[in-house]
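Novice: Below is one structure. I have some questions about it.
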Amino acid sequence: MKRISHLRVRPGEKVDLESIDPDFCADLEKDAARAETIVDIEALGHLQQLLYAEDRRAMLVVLQGIDTAGKDGVIRKVMTGFNPQGCVVTPFKKPAGEELQHDFLWRVHAACPRRGEIGVFNRSHYEDVLVVRVHDLVPRKRIEHRYETINHFERHLVDEGTHVVKFFLWISRDEQKRRLQERLADPEKNWKFSEADLQERGRWKEYIEAFNVALERCSTDHAPWWIVPANRKWFRDWMIARVLRNTLEGFDMQWPKPTFDPTQVKVD
Ligand code: AMP
Ligand code: MG
């Protein structure tokens, strides 16, 4: 963890994404990192069993990042060790219908994991201070208030037994170009391409500014943000698996003690 501890945003720390190398890989070799990731993913599966068995607390994993940063890739590759029965993935799209009739946290709170579960958010309540800020979808004054609201909300989740860990996937503008071009060139990836991604790409600077503010104002001791250098997919997966494993191991979980003496029970 020492190799990546500087990528955890300390509360109050100034964030300048441009100063972080999206190619950073902690001097790891690709093959060695992949091998470690496999071991970590296996360990994650075991830890999830324990979380499920304990049935006392939950873990919420938030994934954010600009288009093509690899949110779907992380879910496909790192969450594979989890038993689907105890892991709920929720993608957040542009709010519609009933969602528009409520405050921005309404749909988010409803999607939070039950005790014993791991919840994964593909995008999250942070969209409400990111895309919403970049496009001025609500008045700036209300957005300014939302950072504090988010901190209170996450504090509440943690107090009630849901651990919150947040990953921001950081890719360079050149890497995004490559990935978008790939979506156009590969017939199996065409479906992932959307014209809107090009328009959003045109607002790169505004997005970076919005990310900087969100990471700076909403990284707390109870719900930290991790900046994940994500140009190299293998490093991205390695880092996320490592942090998740470390987080779950930190819970110091115990298998529930039976309320009976198992040696005295006879199965015919
Ligand atoms: P994707 O993740 O590629 O399926 O795209 C989902 C889209 O929904 C992205 O363009 C997000 O910015 C957008 N989106 C998600 N949450 C919100 C929100 N609260 N307000 C506006 N747009 C959102
Ligand atoms: Mg998309």
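Novice: For helix 233-250, report the angle its Cα long axis makes with the longest principal axis of the Cα atoms of the chain; keep it between 0 and 90° and round to the nearest 10°.
Specialist: 40 degrees
Novice: What is the helix-to-structure angle for 173-185, meaning the angle in degrees between its Cα long axis and the longest Cα principal axis of the chain, kept from 0 to 90 and rounded to the nearest 10?
Specialist: Once rounded, the angle reads 80 degrees.
Novice: Packing-wise, with mean Cβ within 10 Å as the measure, how do 109-121, 26-38 rank, highest first? Mind dumping the intermediate values first?
Specialist: On the way: 109-121: 18.3, 26-38: 13.4.
For the peptides 109-121, 26-38, the packing ranking is 109-121, 26-38.
Novice: For the chain, what is the calculated [θ] at 222 nm in deg cm²/dmol (nearest 500), taking -39500 (n - 2.57) for each run of four or more DSSP H residues and dividing by its residue count? Spell out each step's value before the answer.
Specialist: Details: 9 runs with 114 residues, N = 268.
Counting only the DSSP helices, I get -13500 deg cm²/dmol.
Novice: Counting only heavy atoms of protein chains, what accessible area per residue, in Å², does the range 2-250 have with a probe of 1.4 Å? If you can, show how the numbers build up before the last one.
Specialist: Working: 12330 Å² over 249 residues.
That works out to 50 Å² per residue.
Novice: Also, I was wondering about something else. Please report, in debye to the nearest 20, how large the charge dipole of the chain is about its Cα centre when each Lys and Arg carries +1 at its beta carbon and each Asp and Glu carries -1 there.
Specialist: Working: 43 positive and 44 negative charges, 54 e Å.
The dipole of the chain has a size of about 260 debye.
Novice: Nearest 10 degrees is fine. How inclined is helix 30-54 to the longest principal axis of the chain, computing both from alpha carbons?
Specialist: 50 degrees
Novice: OK, next. Loop only per DSSP, at most 12 neighbouring Cβ atoms within 10 Å: give me the trypsin sites (Lys or Arg not before Pro) in the range 171-268, ordered by residue number. Please list the in-between numbers first.
Specialist: Numbers: sites: 173, 177, 178, 179, 183, 189, 192, 201, 203, 205, 217, 232, 233, 236, 242, 245, 266; in loops: 189, 203, 232, 266.
Hits after loop and neighbour filter: 266.
Novice: Now a separate question. Tally up the carbon and sulfur contribution to the accessible surface of the chain as a whole percent, 1.4 Å probe, everything protein left in place.
Specialist: Numbers: 7200 of 14320 Å².
Using a 1.4 Å probe with all protein chains present, the chain comes out at 50 percent carbon and sulfur.
Novice: Now, a different point. Using the Karplus curve 6.51 cos²θ - 1.76 cosθ + 1.60 with θ = phi - 60°, work out ³J(HN,Hα) for each residue of the range 126-140 in order, rounded to whole Hz, and write x for Gly and Pro.
Specialist: 5, 4, 6, 10, 10, 4, 5, 6, 4, 9, 6, 6, 9, x, 4
Novice: Now, a different point. Considering only 9, 63, 131, whose Cα is most displaced toward the positive end of the charge dipole of the range 2-250, charges sitting on Cβ of Lys, Arg (+1) and Asp, Glu (-1)?
Specialist: Among 9, 63, 131, the one farthest towards the positive end of the dipole of the range 2-250 is 131.
Novice: Would you grab the residues whose amide H sits under 5 Å from the one on residue 88? Only those 5+ places off in sequence or on another chain, please, with H modelled 1.01 Å from N.
Specialist: For residue 88, the qualifying residues are 118, 119, 120.
Novice: Where does the range 13-152 land on Rg(C-alpha)/(2.2 N^0.38 Å)?
Specialist: Details: Rg = 17.6 Å, N = 140, 2.2 N^0.38 = 14.4 Å.
Compared with the compact-globule rule of thumb, the range 13-152 sits at 1.22.
Novice: Under 26 Å Cα to Cα from residue 30, which lysines show up? Leave out anything in the same chain fewer than 8 places away.
Specialist: Partners within reach: 2, 71, 77, 166, 177, 189, 233.
Novice: Once you put a point 7 Å from the Cα of residue 80 and another 7 Å from the Cα of residue 191, both along the Cβ direction, what distance in nm separates them?
Specialist: 1.9 nm
Novice: Give the distance, in whole Å, between the Cα centre of the range 211-268 and the Cα centre of the range 1-64.
Specialist: 9 Å
Novice: Taking the Cα centre of the range 47-115 as origin, sum charge times position over the Cβ atoms of Lys and Arg (+1) and Asp and Glu (-1), and report the length of that vector in debye to the nearest 20. Write down the numbers at each step before the final one.
Specialist: Working: 10 positive and 7 negative charges, 37 e Å.
Computed charge dipole of the range 47-115: roughly 180 debye.
Novice: Place the peptides 140-147, 57-64 in order of packing, highest mean first, counting for every residue the other Cβ atoms within 10 Å and averaging per peptide. Let's see the in-between values first.
Specialist: On the way: 140-147: 13.9, 57-64: 22.9.
With the highest mean Cβ count within 10 Å placed first, the list reads 57-64, 140-147.
Novice: Let me ask you something else. Take the alpha carbon atoms of the range 216-268, find their radius of gyration, then divide it by 2.2 N^0.38 Å using N residues; give the quotient.
Specialist: Values: Rg = 19.9 Å, N = 53, 2.2 N^0.38 = 9.9 Å.
For the range 216-268, the normalised Cα radius of gyration comes out at 2.00.
Novice: Same structure, new question: Through the Karplus equation 6.51 cos²θ - 1.76 cosθ + 1.60, θ set to phi - 60°, convert the phi angles of the range 211-218 into ³J(HN,Hα) values in whole Hz; use x for Gly and Pro.
Specialist: Values per residue, Gly and Pro as x: 5, 3, 5, 5, 5, 6, 8, 10 Hz.
Novice: Additional query: Could you calculate the contour length gain from residue 259 to residue 101, that is, 0.36 nm times the residue separation minus the distance between their Cα atoms, to one decimal place in nm? Mind dumping the intermediate values first?
Specialist: Values: separation 158, 0.36 × 158 = 56.88 nm, distance 4.65 nm.
So the extension gain works out to 52.2 nm.
Novice: Amide H to amide H, which residues 5 or more places from residue 162 or on other chains are under 5 Å from it, using H placed in the peptide plane?
Specialist: HN-HN under 5 Å from residue 162: 58.
Novice: Please report the Cα spread of the range 2-250 along all three principal axes, rounded to whole Å, starting with the longest.
Specialist: For the range 2-250, the Cα spread along each principal axis is 44, 40, 37 Å.
The values are calculated or read from the model by the stated rules, or taken from the named source; none is laboratory data. Note that the structure is predicted; figures quoted are calculated from it, not measured. Glycine also receives a Cβ, built like all others from the backbone with ideal geometry; neighbour counts cover every protein chain displayed. Heavy atoms of the whole protein, side chains included, go into the accessibility calculation; ligands, DNA and RNA do not. Shrake-Rupley method; radii C 1.70, N 1.55, O 1.52, S 1.80 Å.
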